[in-house]
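Submitted below is the structure of interest, expressed as structure tokens.
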Amino acid sequence: LVGADADGDLGEITFGTGFSAPGGVLTYAGPALIVRAWNDITGTGTVTASTTVTYNRYDNGDQAALTVNLPAAPADGQECTLAFFDAITTLTISGNGNTIYGTSITTAGLGTTISFIFSAGDGWFVSN
């Protein structure tokens, strides 16, 4: 598959087994694909994770202190994963009005992740 990026530069993408492009239309006939969309959390001080995207990453520079609010009105069974690409000396994860059950983290560094799952009537549970 050959295409141009936003600057007009031509590039080539090679797809593995199961992909074909008959008539210029990309099709896939292999096993199920897992595609993860990431929400970039920006800001300093207090920030809020996405209510619609499960995977949230913080890559906004090292911070002495940061509070991350989980979604305030999650659906039953909703998951929320936080990934950190910077050092956070003092990290607070808030249930945003909901209780958090389990041991959360209080500091983060490059590659730190934590996941939560919401149970209606109970709150957020640490799931990793």
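Per residue and in cubic angstrom, what volume does the convex hull of the Cα atoms of segment 85-128 have? Show your work: numbers first, answer last.
Details: hull volume 3.0 nm³, N = 44.
Value for segment 85-128: 68 Å³ per residue.
If you take every DSSP beta bridge fully contained in segment 45-128, what fraction is antiparallel? Give it as a percent rounded to 5. List each step's numbers first, then the result.
On the way: 11 of 27 bridges.
That works out to approximately 40 percent antiparallel.
Give me, ordered by chain and number, the residues 5 or more places off THR112 or on other chains with an amide H under 5 Å from its own placed amide H.
PHE84
Just to confirm, what accessible area per residue do you get for segment 37-93 at 1.4 Å probe, in whole Å²? All intermediate terms of the calculation are to be shown ahead of the outcome.
On the way: 2680 Å² over 57 residues.
For segment 37-93, the solvent-accessible area averages 47 Å² per residue.
Mind checking segment 68-120 for chymotrypsin sites (Phe, Trp or Tyr not before Pro) that DSSP puts in a loop (not H, G, I, E or B) and that have at most 16 other Cβ atoms within 10 Å?
On the way: sites: PHE84, PHE85, TYR101, PHE116, PHE118; in loops: PHE85.
Those satisfying the criteria are PHE85.
Where in segment 34-68 are there chymotrypsin sites (Phe, Trp or Tyr not before Pro) that are in a DSSP coil and have at most 12 other Cβ atoms within 10 angstrom of their Cβ? Mind showing how you got there, number by number?
Numbers: sites: TRP38, TYR55, TYR58; in loops: none.
Answer by residue number: there is no such site.
Taking R0 as 30 Å, what's the FRET efficiency between ILE105 and ALA29 from their Cβ-Cβ distance, rounded to 0.05? Please report the intermediate quantities before stating the final value.
On the way: r = 42 Å, r/R0 = 1.38.
Efficiency computed from Cβ-Cβ geometry: 0.10.
The values are calculated or read from the model by the stated rules, or taken from the named source; none is laboratory data. Being a predicted model, the structure only gives us computed values, none of them experimental. Please note: Cβ atoms are built from the backbone with ideal geometry, for glycine as well, and neighbour counts cover all protein chains shown. Surface areas here come from the heavy atoms of the whole protein model, side chains and all, with no ligands, DNA or RNA. Shrake-Rupley method; radii C 1.70, N 1.55, O 1.52, S 1.80 Å.
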